[in-house]
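The values are calculated or read from the model by the stated rules, or taken from the named source; none is laboratory data. Since we're looking at a predicted model, the values are computed, not measured. Cβ: placed from backbone, ideal geometry, glycine included. Neighbour counts: every protein chain shown.
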Amino acid sequence: MDEVSTWVNAPPEWVWALVSDVSRYGEWSPENRGARWANGTLRPGIDAKFTGSNRHGLLRWKTHCTVIEYEENIRFAFAVAESRTQWGYRLRAEAGGTRITEWRDRTGLPPLPFRLLENSGLLGKPRDAWIVNGMRQTLDAIKRTLELDRTRLF
């Protein structure tokens, strides 16, 4: 499992509003371009589904995701079918703000075409280190939104 953590000067409710809104991930992630809830979902919860859009260089692809953890102001996580990976956020009130942790964990071996693409270097090499760095970039961008650019919060 990989995880990255940072402290932000914002209450858990504000952080939750951002990390549980998958349509906004493209504002912060170096690879994800946002997502759309499936089947007209307006208020997500456990088993809600969404499709993510991703880009790395010239490559573009979609992912199909299912929410696996949904506890308001505490944790939000989802499983990605294509990569057999889970991604999530944990929130903890700390020192007048929030400790936010982004994590990812492999739950199985991805299909051969996905593994070949990952190992090719076209998605960043080494891929795992590239992803962890992207997680840091994502949390830094969320922190900036919460602390410096509050006009973009809601």
Where the second residue is aliphatic (A, V, I, L, M) and part of a loop (DSSP other than H, G, I, E, B) and the first is free of Cβ contacts under 8 Å to residues at least 12 places away in the same chain and lies in region 26-46, which pairs have Cβ atoms under 8 Å and are six or more apart or on separate chains? T41/A48
What is the number of the single condition among (1) modelled with pLDDT under 95; (2) hydrophobic (A, V, I, L, M, F, W, C); (3) in contact with a helix residue (DSSP H, G or I) (Cβ under 7 Å, 6 or more places away or on another chain); (4) assigned to a strand (DSSP E or B) that A93 does not meet? (1)
Select from region 48-84 the residues that are within 29 Å of P11 (Cβ to Cβ) and of a type in the set (F, W, Y) and write down the one among them that is surrounded by the fewest Cβ atoms within 10 Å (Cβ to Cβ). Y70
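Residue by residue, here is whether (1) in a strand (DSSP E or B); (2) surrounded by fewer than 19 Cβ atoms within 10 Å (Cβ to Cβ); (3) out of contact with any Phe, Trp or Tyr (no Cβ under 6 Å at 6 or more places or on another chain) holds:
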| residue | (1), (2), (3) |
| --- | --- |
| S5 | yes, yes, yes |
| S23 | no, yes, yes |
| P30 | no, yes, yes |
| G34 | yes, yes, no |
| N39 | no, yes, yes |
| R43 | no, yes, yes |
Considering only region 85-107, state which residues are in contact (Cβ under 8 Å) with a residue 40 or more places away in the chain, within 19 Å of F50 (Cα to Cα), buried (at least 18 other Cβ atoms within 10 Å of the Cβ) and not hydroxyl-bearing (S, T, Y). E102, R104
So, in region 124-153, of the ones that are over 25 Å from L18 (Cβ atoms) and not in a helix (DSSP H, G or I), which residue ends up modelled with the lowest pLDDT? K125
Spot the failing condition for V15; the list is (1) part of a strand (DSSP E or B); (2) touching a strand residue (DSSP E or B) at 6+ places or on another chain (Cβ under 7 Å), and only one is missed. (1)
Residues in region 70-77: is at least one modelled with pLDDT of 95 or more, in contact with a Ser or Thr (Cβ under 6 Å, 6 or more places away or on another chain) and within 25 Å of K125 (Cα to Cα)? no
